[in-house]
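Peer 1: One structure, pasted below without further comment.
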Amino acid sequence: MELTKEMLQNLRQDYRAAELTEKEVDKNPIKQFEKWFSDALAAKLYEPNVMTLATADKTGRPNARIVLLKGFDDQGFSFFTNYLSTKGKELKKNPQACLVFFWAELERQVRIEGKVDKLDKETSEAYFHSRPQGSQIGAIASPQSQVISDRTDLEMKVEELTSIYQDKIIPKPAHWGGYIVKPVSIEFWQGRSSRLHDRIKYDLVNGKWQINRLAP
């Protein structure tokens with residue numbers, strides 16, 4: 001099938017699954033997120049913890065990629081990665097980020113903006129050693145975001161490290177660990193018919209969450 005401009009322009013979906021009102025949302029956005037995340041789990045969505053992480057370099061040039069949420073509480077939302085990756089370098093110079101969750105089957109989106117800090121070493125160590133051995137090896141073998149000659153070199157490095165650590169505890173590399181996004185704003189979006197979507201936004205003002213409805 002040949003893709004035409006008209007076909008692309010006519011791709012649309014009318015959202016009718018649910019609605020979102022100020023009366024029904026929790027006063028605490030973390031609890032509201034927990035409710036929606038639980039709904040995503042109950043619906044058995046494929047990897048409901050998939051989220052877009054948007055960062056920017058020191059000049060303001062944006063960058064975005066998919067990462068996995070690995071924890072959340074009143075302090076913020078956590079993920080793990082290579083500190084020397086592109087996102088790690090950008091977060092070092094500009095420790096601000098935006099997270100986006102999109103659960104298409106539920107016609108829901110969540111946007112989170114906040115300051116980013118590294119998680120403590122103990123937390124990163126504990127999570128690293130909870131991962132499958134292959135993932136631990138991969139974190140050591142891969143110089144994430146750097147140019148490599150071909151995949152063969154990477155596979156040979158993995159094979160070498162697998163042999164070395166076959167019966168040993170794999171040490172967490174110093175360049176790998178966790179980050180936490182400490183939210184200052186969280187927006188919950190529920191798709192509605194005719195693009196008149198429900199948007200409820202929480203803003204942290206003087207230590208308290210203020211709730212407002214935004215126009216779609």
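Peer 1: Yes or no: Ala97 touching a residue at least 12 places away in the same chain (Cβ under 8 Å), among the small types (Gly, Ala, Ser) and surrounded by 15 or more Cβ atoms within 10 Å (Cβ to Cβ)?
Peer 2: Working: touching a residue at least 12 places away in the same chain (Cβ under 8 Å): yes; among the small types (Gly, Ala, Ser): yes; surrounded by 15 or more Cβ atoms within 10 Å (Cβ to Cβ): yes.
The answer is yes for Ala97.
Peer 1: Failed condition for Asp203, given (1) of a type in the set (Asp, Glu); (2) farther than 24 Å from Cys98 by Cα; (3) assigned by TED's automatic domain parsing to the domain that holds Asp120, with all others met?
Peer 2: Failing condition for Asp203: (2).
Peer 1: Looking at the range 48-71, can you tell me whether even one residue there is surrounded by fewer than 19 Cβ atoms within 10 Å (Cβ to Cβ), among the aliphatic types (A, V, I, L, M), within 18 Å of His175 (Cβ to Cβ) and touching a strand residue (DSSP E or B) at 6+ places or on another chain (Cβ under 9 Å)?
Peer 2: Checking the range 48-71: at least one residue is surrounded by fewer than 19 Cβ atoms within 10 Å (Cβ to Cβ), among the aliphatic types (A, V, I, L, M), within 18 Å of His175 (Cβ to Cβ) and touching a strand residue (DSSP E or B) at 6+ places or on another chain (Cβ under 9 Å).
Peer 1: Separate question: Could you identify the single residue in Glu47, Glu6, Glu2 that is out of contact with any His (no Cβ under 6 Å at 6 or more places or on another chain), among the acidic types (Asp, Glu) and modelled with pLDDT of 95 or more?
Peer 2: Working: Glu6 fails: modelled with pLDDT of 95 or more; Glu2 fails: modelled with pLDDT of 95 or more.
From the options Glu47, Glu6, Glu2, the qualifying one is Glu47.
Peer 1: Filter the range 50-73 down to residues that are of a type in the set (Lys, Arg) and more than 14 Å from the chain's Cα centre (by Cα) and give me whichever is modelled with the lowest pLDDT.
Peer 2: Restricting attention to the range 50-73, the residues satisfying the condition of being of a type in the set (Lys, Arg) are 58, 61, 65, 70.
Of the ones still in play, those that are also more than 14 Å from the chain's Cα centre (by Cα) are 58, 61.
Values: Lys58: 90, Arg61: 96.
Checking each candidate, the answer is Lys58.
The values are calculated or read from the model by the stated rules, or taken from the named source; none is laboratory data. Predicted, not measured: the structure shown is a model, and the values here were computed from it. Methodologically, a virtual Cβ is constructed for each residue, glycine included, from the backbone with ideal geometry; neighbour enumeration extends over all protein chains shown.
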